[in-house]
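The values are calculated or read from the model by the stated rules, or taken from the named source; none is laboratory data. Computed from a predicted model, the values in this text were never measured in an experiment. Glycine also receives a Cβ, built like all others from the backbone with ideal geometry; neighbour counts cover every protein chain displayed.
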Ligand SMILES: C[S@@+](CC[C@H](N)C(=O)[O-])C[C@H]1O[C@@H](n2cnc3c(N)ncnc32)[C@H](O)[C@@H]1O
């Protein structure tokens, strides 16, 4: 759809409404704030009207009360995942060793590190674009590595991780086609597709997690309500003690698996 040069807020709202944006007023305000000139505003509105996620157009997403940079081709952190961060903050010891596995933009690790006192933060992802983005967000809060799951982490972290954040891809392959275009078209498939039942990556993470967790340390994963019981069994089979936490408000389900404490 072609968008006319935009000058007033109401014109922007109209252009966004025509393009099917549900929160056109809020989005228009953000785009006006972001644009340094009328030309830039036109370009931003055009990209949004063409279907790019608002966060990719703006270059940031709001997560846990702060702006997290999100580059094109990087998974946009979801507000419901703030619940996983809250659960992690509640169980983290002082000076926790935290790993943000499958970190995407690095939003979870950054949120937890800023919520807690003195965290030793390590984040990793397989996608180079995500790793670049996470490095910008994490800055001097921690280290970001590139590679498959645990492979790029320093060996010295084995048996020392207090909090293992893992918001992994968990959409069943057949359901990826049903996602809104913003995710299906503009987020990488590797960030979404969790295999047949959506839990393939979770199985791999759970199998390796006990070797990395400190005694009493916990793995936290997000799942859909439908996947909850299988996810619990995956964590139990890996030797972790599972429990489920649910937020009705954020429509979020988190499964926590805790390693045996020292006896
Ligand atoms: C659902 S996104 C979550 C990103 C981030 N944790 C968040 O919540 O915003 C899943 C992420 O897992 C990464 N990923 C998928 N498979 C991976 C693998 N085998 N090893 C490392 N990262 C992987 C993707 O690149 C993507 O960034």
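Structure above, values below:
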{"quantity": "Lone qualifier among 138, 176, 163 - being within 13 Å of the ligand (Cβ to nearest atom), surrounded by 14 or more Cβ atoms within 10 Å (Cβ to Cβ) and over 15 Å from the mean Cα position of the chain (by Cα)", "calculated": "176"}
{"quantity": "Subset tally (residues that are part of a loop (DSSP other than H, G, I, E, B) and under 16 Å from residue 204 (Cβ atoms)) for region 235-254", "calculated": "3"}
{"quantity": "Counted residues, region 208-231 - those being within 13 Å of the ligand (Cβ to nearest atom) and out of contact with any helix residue (DSSP H, G or I) (no Cβ under 7 Å at 6 or more places or on another chain)", "calculated": "2"}
{"quantity": "Among residues of region 70-101, those that are assigned to a loop (DSSP other than H, G, I, E, B), within 8 Å of the ligand (Cβ to nearest atom) and surrounded by fewer than 24 Cβ atoms within 10 Å (Cβ to Cβ), counted", "calculated": "2"}
{"quantity": "Options 191, 252: the member that is within 16 Å of the ligand (Cβ to nearest atom) and farther than 24 Å from residue 127 by Cα", "calculated": "252"}
{"quantity": "Options 198, 257: the member that is in a loop (DSSP other than H, G, I, E, B), modelled with pLDDT of 95 or more and surrounded by 22 or more Cβ atoms within 10 Å (Cβ to Cβ)", "calculated": "198"}
{"quantity": "Residue 133 vs. criteria in contact with a helix residue (DSSP H, G or I) (Cβ under 9 Å, 6 or more places away or on another chain) and buried (at least 20 other Cβ atoms within 10 Å of the Cβ)", "calculated": "no"}
